[in-house]
Every structure is written in structure tokens, then in C-alpha cells.
Amino acid sequence: MSALNNVSFRIEPMTKQEFMGKEKKLTISYSTVKVPIGNFLVASTSKGICFLMPAETKWSSVETLKRHFPHARFRCQKVKHHKTAAYLLKQRYDKVESVTLHIYGTSFQLAVWQDLLAVPSGMVTTYWDVAKRIGNPKAARPVGQAVGKNPIMYIIPCHRVICKNGSLGGYRWGIAKKIKFLNKESCALKTADGMANWAPTFF
């Protein structure tokens, strides 16, 4: 369990049997939440939030969700977990005490995602630092691959991971969104040309 901004996060690993629907078909509820930083598709199982991505258009995001969980059945309905996700996207941490994330991944990926949950809003870390903290300092590249496969964007803050040399590195959902999120969290000052700057504070 990790505590971030006074919110307790717990990862409930999704078993292969659950993911493959071998014992009982997984039921996933999804809806679109609209917050100041954009529209997002959020999905959850009965155990917790399992997926979050930008909802530029409703159906492309739903199709991506269904590709991610090819053996599940889906319900378009808003549930309590989605309200929790909306509060986190709004940075209304005072409205949330604890969050369960029900996600499928390798043990390495889960370790990376668990580590990211400890990086506070307004701060950044590096791929190398993540690798070092999970006990494998030579695994910066695999860490980058795990970060890129994060199924719950923003809540698992993969946008807060940058390169050791200070450059932004990549971002699955586009560098523009990464900059937008970092600027929002860093309360950036605006320059005369309307561009936002941010001064990274390393975690």
C-alpha cells in the first residue's frame, strides 16, 4: 500500500484466471468523466479501478478498453469507483481516503506501478531512480517499458517520470499531455508568449 497526498492506494493484482475469464467472466463498468484537465474514460471491476485513458472521442476509448480486456464483458454505467477517479483527476485528495486499483501485469510491472504511486503531485522522478528503488538499478529501460504500459494514466502518475538528464522522455498519450499535467501540478508561471514553464523537483 502507498500513501500519496494523504490518499492510501492499494494495488489488487488481477489474476490470470480473472483476466482470461477462466473461472468467471470479468465484468467491467465504464463511463466518461469530465474534469478541468480533460475528458477521461474510467473503467472498474467490482474490486477497483482497472483502466483510465483520455476520452478524445467516446468510442475510440471504449474500443481501446475492450482490446485491453479481450475476455471481459462490459457495462456502460457510472459506479462509485468512477467518482473516486474524478476526484483524483481534479486533485481533490481531501475527498478520497483510500483507492483500490485492480490491475493485471507482470510482477515487474506491478512493482514499477506501485513505486510510482509514491511520487507526490508537483514532483518528478527518473526511470533510473524507479529502477533503483525497486532493487534493479540496471533496469531503467524495462522500467520505461512498464511505465508505457501503465493501464491507469494520471492516477498511477507515469507522467511524473522523466529521463536522468532532465529531458521529458516519452509518454504513451503524447508529450503535450505530459507537459500539461506537469504544468498543472507545478502551478507553473506563464511567460509572455503564453507558454508554461515548470521547474522539476526530483523525488
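Please specify each residue of region 109-133 satisfying the condition of being in a loop (DSSP other than H, G, I, E, B) and over 25 Å from F19 (Cα atoms).
A118, V119, P120, S121, G122, M123
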Scanning region 1-32 for residues that are of a type in the set (V, I, T), surrounded by 18 or more Cβ atoms within 10 Å (Cβ to Cβ) and modelled with pLDDT of 95 or more gives I11, I28
Checking the condition over 18 Å from K16 (Cα atoms) and free of Cβ contacts under 8 Å to residues at least 40 places away in the same chain, which residue from K90, K95, K78 passes? K95
Can you tell me which residues in region 153-167 are farther than 16 Å from G122 by Cβ and free of Cβ contacts under 8 Å to residues at least 24 places away in the same chain? N165, S167
Residue under evaluation V35, criteria (1) out of contact with any strand residue (DSSP E or B) (no Cβ under 8 Å at 6 or more places or on another chain); (2) free of Cβ contacts under 8 Å to residues at least 24 places away in the same chain, criterion not met: (2)
Answer yes or no as to whether M14 is within 23 Å of R172 (Cβ to Cβ), out of contact with any helix residue (DSSP H, G or I) (no Cβ under 6 Å at 6 or more places or on another chain) and among the aliphatic types (A, V, I, L, M). yes
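I'm checking my understanding of the structure. Among residues of region 79-97 that are open to solvent by 80 Å² or more (accessible area, probe 1.4 Å) and farther than 25 Å from K180 by Cβ, which one is modelled with the highest pLDDT? If you could, list the steps in order and put the result at the bottom.
Initial filter on region 79-97 (open to solvent by 80 Å² or more (accessible area, probe 1.4 Å)): 80, 83, 90, 92, 94-95, 97.
In the following step, the residues that additionally are farther than 25 Å from K180 by Cβ were identified as 80, 97.
Values: K80: 96, E97: 90.
Here the answer is K80.
Kindly indicate whether any position in region 147-158 is over 14 Å from the mean Cα position of the chain (by Cα), at pLDDT 95 or above and open to solvent by 10 Å² or more (accessible area, probe 1.4 Å).
At the first step, the residues of region 147-158 found to be over 14 Å from the mean Cα position of the chain (by Cα) are none.
No: region 147-158 contains no residue that is over 14 Å from the mean Cα position of the chain (by Cα), at pLDDT 95 or above and open to solvent by 10 Å² or more (accessible area, probe 1.4 Å).
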Where residues in region 37-78 are aromatic (F, W, Y) and surrounded by fewer than 17 Cβ atoms within 10 Å (Cβ to Cβ), which of them is nearest to E185 (Cα to Cα)? W59
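The values are calculated or read from the model by the stated rules, or taken from the named source; none is laboratory data. Since the model is a prediction, treat every value here as computed from it, not as a measurement. Cβ atoms come from the backbone with ideal geometry, glycine included; neighbour counts cover every protein chain shown. Calculation scope for accessible area: heavy atoms of the full protein, side chains included, ligands and nucleic acids excluded. Shrake-Rupley method; radii C 1.70, N 1.55, O 1.52, S 1.80 Å.
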